[in-house]
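Structure record follows, encoded as structure tokens.
Please treat every number below as a calculation from the coordinates, not as lab data. From a predicted model like this one, the values you see are computed outputs, not experimental measurements. All Cβ positions, even for glycine, are placed from backbone atoms using ideal geometry, and neighbour counts span all protein chains on display.
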Amino acid sequence: MTQELFDAMRQSVIDGDDEEAIELAKEALADGIDPLEAIDGGYVPGIRHVGDAFRTGELFLPDMMAAARAMQRAIAILEPEMLARASKRQVVGRAVIGTAKGDIHEIGKNLVGMMLTADGFEVFDLGVDVSPERFVEKVREVDADVVGVSALLTTTMVGQRAVIEALKAAGLRDGVKVLVGGAPVNRAWADEIGADGFGEDAVDAVAVTRTLLGV
Amino acid sequence: MRTAATFLGESDRERVHDASLRILAETGLRFHGELALPLLADAGAQVDAEAGTARIPRALVEAALATAPRTFTLGARNPIHDYPLPSPVTRYAIDGTAAFTIDFDTGERRYGTRRDSTEALRVLQEADMAVMAWPPVSASDAPAGSRVLHEFTGMIRATSKHGQHELHTRAQVPYLVEALSIAGGGADAVRRRHPWSVVYCPVAPLVHDGPMLDAYLDLGILDLPVMIMPMPVAGTTGPAGLFANTALANAEALSAIVVFQLARPGRPLIYSSATGSMDFRSGAYLGGTPEVGIMSAALATMGRFYGLPATAGGCTSDAPAPGPEAVIEKLITMLPQALAGADIVIGFGEIQGDQALVLEQILVDNELAHFVERLIEGIGEPAAPDVATEVAGVGPGGHFLANPATRRAARSREFLTPTLIGRHGYEAWRELGSPSMYGRARERVQEILAGPVVDPLPEAIEAELDRLLATADAELA
């Protein structure tokens, strides 16, 4: 019975069917199934399948996004019970992301967030127009492994440097990798401001993050 | 008669309009600034101050469309370049604010500078199909706080054609007003002649930038025309369908029209767009696709549907380097807009999805524009008054080489003579060193840059602008 439920969870992620994924999460809770087991036995195999099919070119990015969203929403249903049981999900790493101060263009950052989620990261999205102080605060709060700062404009990319400087000032720089991205950003800029990595697109950003963290 | 094509039929224009009105009235938009929401609330829009959103009813859209001017002239510092709107022909503008330049000497990609912008606009001055300038790169060597002012004034110095650019904050407004007044012979002359304008891009989906919109509303004191350029990308920041993305872009354009007309009824506005498609593998923005050509043409048609000056982004390419891919993509993203009768297509000179300036590309694009224009001019009137008589005069087996009509044709616009594309036979081409279109463009760029600046500003005005920029550098730091 449980295996059937897990299979259905896997399929809901593959189908990108978030409503079904949510319903199955509720069903698991009603049946008293450990939420961690539901995630690892049901949803994670689904997202792995989608990730593999994406890498081989069988699936497209929107398929990956839909799968990640379905998984995210299902996990959100399971989270209160996880907290109640004081259990913590194993994640590949914790990422804090946001757009640089003054920049409200968020599509690139959103893509990276979804891709990291799909790849097993726990993502804390600070949204748009984020101050360096807010980045620092969140990095400290969640003990982040990586920070991603996005900027679409040449005038706001200086905010990426400001985040790095703020992390240094807070004594957090050595404990966290910094990834930068956005249309005007290139590797030379990443090097100049002392970022650890640069993602040319969302797929690249995930690969670079994994390399930086050695995971 | 000019050749035309329909990319959005009459009933589809109504459907796009209706869908846009529903988006505006039912979903509404988020406004980050201080000025727009109070204007909208006073006019009867449903404003949620806490969420920063407004739902805009049909009546406000109709009122705005009624007060937006149907015709006006994009003035130029040299009046010979004035461009009345709407235009019976399609002309072009350079693309704007790329981050990078392909260095003319080294071929390496690097961040753009003030000098790059100046050089590009001097080349644009000589591009006869171009009627509008825009600083093509962001000047990474200028101070961040006053950078747009350096870019704006650099454009004014480098070209006497109509120029558009942007501002980012209200604090920059007084400096721009002063700069334009200095260069344009006083504020009244700037208001009357419209030699410069600003370009405004809503942030898709359905978001309006705060500081930029507020600055543009302040600039109403100079009656600066605003080119409204929504940029939804089908599949990421817009719905993944050409019709749906067109409707979203149109809704965003209408929302901006409403705000600008509420603030200053009668302010000249230019309908435009710069839509995109997505790479379904990486999620990256694509500008050089047939779908972008179609959406841009459809949106230019919507601009005409509203009776507004109608322009469109285009002549776009995602190619990593100048060459055949760039030419194919640029042609397929300028021809539809021109066939749809756009007043201006904006996109000369850049590749890599509007992110890299290439000086030679400005002239290659100008050549493409000539080819497009020739196509649109169509078959025209018969050159000889009596075709049968001309043919009879030659008869079977003769030739037309020395006919008066042939001699006239060699000098006419009926047969396009390209300036960059060579028409040598193979052996001659080899003997000439295998010249290319880009190579010829390169030579021409060198000639232009070695020559004097056309229509330079008087030295006294240059000095005043320098003084103003120095003040702005210090005060906006």
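Pick out the one residue from A:Leu212, A:Leu179 that is among the aliphatic types (A, V, I, L, M), under 28 Å from B:Thr101 (Cβ atoms) and away from every other protein chain (no Cβ under 14 Å).
Testing whether each residue is among the aliphatic types (A, V, I, L, M), under 28 Å from B:Thr101 (Cβ atoms) and away from every other protein chain (no Cβ under 14 Å) leaves just A:Leu179.
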*Considering (1) away from chain B (no Cβ under 14 Å); (2) closer than 20 Å to A:Val215 by Cα; (3) without any contact (Cβ under 8 Å) to a residue 12 or more places away in the chain, say which one A:Arg55 fails and leave the rest.*
(1)
*Of the conditions (1) surrounded by fewer than 24 Cβ atoms within 10 Å (Cβ to Cβ); (2) away from chain A (no Cβ under 14 Å); (3) in contact with an Asp or Glu (Cβ under 7 Å, 6 or more places away or on another chain); (4) of a type in the set (Gly, Ala, Ser), B:Ala244 fails just one. Which one is it?*
(3)
*asked:* Being touching a strand residue (DSSP E or B) at 6+ places or on another chain (Cβ under 7 Å) and touching a residue at least 60 places away in the same chain (Cβ under 8 Å) is the filter here; which residues of the stretch B:164-191 pass it?
replied: B:Gln164, B:His165, B:Glu166
*asked:* From the list B:Asp209, B:Asp214, exactly one residue is within 14 Å of chain A (Cβ to nearest Cβ) and over 30 Å from B:Gln352 (Cα atoms). Which is it?
replied: B:Asp214
*Do we find a residue being under 17 Å from B:Gly96 (Cα atoms), away from chain A (no Cβ under 14 Å), surrounded by 22 or more Cβ atoms within 10 Å (Cβ to Cβ) and of a type in the set (D, E, K, R) anywhere in the stretch B:311-318?*
no
*Selection within the stretch A:183-209 - within 14 Å of chain B (Cβ to nearest Cβ), under 25 Å from A:Met114 (Cβ atoms) and in contact with a helix residue (DSSP H, G or I) (Cβ under 6 Å, 6 or more places away or on another chain)*: A:Phe198, A:Gly199, A:Ala202, A:Ala205, A:Val206
_Residue list for the stretch B:332-374, restricted to those being more than 15 Å from the chain's Cα centre (by Cα), among the aliphatic types (A, V, I, L, M) and over 15 Å from B:Ala298 (Cα atoms)_ = B:Ala356, B:Val358, B:Leu359, B:Leu363, B:Val364, B:Leu368, B:Val372
*Could you say whether any residue in the stretch B:69-76 is under 30 Å from A:Val128 (Cβ atoms), out of contact with any Gly (no Cβ under 8 Å at 6 or more places or on another chain), in contact (Cβ under 8 Å) with a residue 60 or more places away in the chain and surrounded by fewer than 18 Cβ atoms within 10 Å (Cβ to Cβ)?*
no
*Hey, does the stretch B:15-34 have a residue that's away from every other protein chain (no Cβ under 14 Å) and closer than 24 Å to B:Arg170 by Cα?*
yes
*Is it the case that the stretch B:284-300 has a residue that's more than 14 Å from chain A (Cβ to nearest Cβ), surrounded by fewer than 22 Cβ atoms within 10 Å (Cβ to Cβ) and not in a helix (DSSP H, G or I)?*
yes
_I'm told B:Met231 meets every condition in (1) closer than 30 Å to B:Val190 by Cβ; (2) within 14 Å of chain A (Cβ to nearest Cβ); (3) touching a Leu at 6+ places or on another chain (Cβ under 8 Å) except one. Can you identify the failing condition by its number?_
(3)
*Name the strands (runs of 3 or more DSSP E) wholly inside the stretch B:93-160 in which the number of residues that are within 11 Å of another protein chain (Cβ to nearest Cβ) is 3 or more.*
B:109-111
*Could you please give the count of residues in the stretch B:298-326 that are farther than 30 Å from B:Ala66 by Cα and either among the aromatic types (Phe, Trp, Tyr) or within 18 Å of the chain's Cα centre (by Cα) (or both)?*
5
*Determine whether the stretch A:79-86 contains at least one residue that is away from every other protein chain (no Cβ under 14 Å), closer than 20 Å to A:Glu19 by Cα and either crowded, with 17+ Cβ neighbours inside 10 Å or touching a Gly at 6+ places or on another chain (Cβ under 6 Å) (or both).*
yes
